[in-house]
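The values are calculated or read from the model by the stated rules, or taken from the named source; none is laboratory data. Just so we're clear, the structure is a prediction, and the values are computed from it rather than from any experiment. As a convention, Cβ positions derive from the backbone with ideal geometry for all residues, glycine included, and neighbour counts pool all protein chains shown.
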Amino acid sequence: MKGLLWICLTVSIILTSCGRIQKAQKEEAALVESDENYLVTKHEWSGMYFYDIVSRKWEGRRPLVLFLHGLGGKKEDVIAYARDLADQGYVVVAPDCVGHGESKTTETLNFFDVIERTAAGCGSILEYYQNSDYGDPSRFSLAGISMGGMTALYFGAYSQLQPTAIISICATADWESLLGTKEIYTKFRSGEGIAITDEGERNQMVISMVQNSPDHNLEYLLQVPILMINGREDEIVPVSGIEAFEVKAGLYSNHLECIIQDGRGHEVGDTDLNNIIRFLGEYMPVSAAQDASLEEAGETGTKEVPDEPDE
């Protein structure tokens, strides 16, 4: 199971290495929005639909940030974050996770299937930018809310394409701590979520979740700097799993930062963007000369956030 993602990523690399095929795919890109500040373009590649958001203030190739939405959500949900990160010089890629939004499939996928396929799709998206004149896939980070954060952690634990940094919001690397959460027992077909009621199907997903939990490949995962932001009153992602992961991580050399906020449940917070900008500024600055300005933006930046993630 754990090697399946590597196989999927390898296959995507082989497919996208063909220049003729890649050109044909890129010709399908469509401009969604253009003003004096930003360019928002929609792309399709290997069945994945995604926006990239670019600030006009910056030139040349810049690091990529893949920002993933939550369960039942869509790429439009993270546009507010994407614009603010683009303003700092990053090229922000906002995909529809597999089985969500425009990245629909005729297959029926459970919660783990969505994570696994989306992680493989992120590898394909990185290949898409190999010849880009503005996005640099050799410097990329993954960020995500809830299921999106879990996908980022799964990618970091099992992909051979190692990110520069990982940021998870309302997510966990200890998937066994989620087995009592009803929200994960969902399957998707043609973009619609349906509760899993069959005991056999539920048990199969539990096995997949337990076997592929990112904390089972902890030493490899912790080679990447990780920022985890969670709420102490989160009833979907129990804080006990975050605290257990932090204890396990202490056995290894790591750059793990866990922020657990009192009075916060399964929801995004007003300070999340500041922490993201600060963390990326430390581990994936747009350029060495921009370190100070990124840190300052992290202290003063503001954004409009949704009331709660899609979970």
Quiz item: Pick from the range 264-299 the residues that are in contact with a Lys or Arg (Cβ under 7 Å, 6 or more places away or on another chain) and at pLDDT below 95: which of them is nearest to TRP175 (Cα to Cα)?
Solution: GLY298
Quiz item: Looking at the range 214-261, which of its residues are free of Cβ contacts under 8 Å to residues at least 60 places away in the same chain and in a strand (DSSP E or B)?
Solution: LEU256, GLU257, CYS258, ILE259, ILE260, GLN261
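Okay, residues lined up against (1) acidic (Asp, Glu); (2) over 29 Å from GLN211 (Cβ atoms):
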position	(1), (2)
GLU36	yes, yes
ILE53	no, yes
GLY72	no, no
GLY101	no, no
LEU126	no, no
TYR129	no, yes
Quiz item: Just wondering, is there one or more residues in the range 8-24 that are part of a strand (DSSP E or B) and either of a type in the set (Gly, Ala, Ser) or modelled with pLDDT of 90 or more (or both)?
Solution: no
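Give the number of residues within the range 151-171 that are crowded, with 24+ Cβ neighbours inside 10 Å and either of a type in the set (A, V, I, L, M) or more than 19 Å from VAL78 (Cβ to Cβ) (or both).
Of the residues in the range 151-171, 8 are crowded, with 24+ Cβ neighbours inside 10 Å and either of a type in the set (A, V, I, L, M) or more than 19 Å from VAL78 (Cβ to Cβ) (or both).
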Self-check item: Checklist (1) over 23 Å from LEU66 (Cα atoms); (2) out of contact with any Ser or Thr (no Cβ under 8 Å at 6 or more places or on another chain) applied to LYS187, failing item
Solution: (2)
Quiz item: Wholly within the range 53-159, which strands (runs of 3 or more DSSP E) include no fewer than the required count, namely at least 1 residues that are aromatic (Phe, Trp, Tyr) and touching a strand residue (DSSP E or B) at 6+ places or on another chain (Cβ under 9 Å)?
Solution: 62-68, 135-145
Practice problem: For the range 212-223, indicate whether the set of residues that are among the small types (Gly, Ala, Ser), within 28 Å of CYS258 (Cα to Cα) and under 20 Å from the mean Cα position of the chain (by Cα) is non-empty. | Solution: yes
Quiz item: Cβ-Cβ below 7 Å, separation at least six or inter-chain, first residue in the range 71-92 and in contact (Cβ under 8 Å) with a residue 60 or more places away in the chain, second assigned to a helix (DSSP H, G or I) and among the acidic types (Asp, Glu): which pairs?
Solution: LEU71/GLU183
Quiz item: Tally time: how many residues in the range 167-194 are assigned to a strand (DSSP E or B), touching a residue at least 12 places away in the same chain (Cβ under 8 Å), touching a strand residue (DSSP E or B) at 6+ places or on another chain (Cβ under 7 Å) and farther than 30 Å from GLY281 by Cβ?
Solution: 4
Quiz item: Scanning for something more than 16 Å from GLY149 (Cα to Cα) and in contact with a helix residue (DSSP H, G or I) (Cβ under 8 Å, 6 or more places away or on another chain), does the range 255-264 turn up at least one residue?
Solution: yes
Self-check item: Where GLY200 falls short, out of the listed (1) surrounded by fewer than 20 Cβ atoms within 10 Å (Cβ to Cβ); (2) closer than 26 Å to VAL286 by Cα
Solution: (2)
Quiz item: Looking at LEU222, LEU218, which is the one that is under 27 Å from HIS255 (Cβ atoms), buried (at least 19 other Cβ atoms within 10 Å of the Cβ) and not small (Gly, Ala, Ser)?
Solution: LEU222
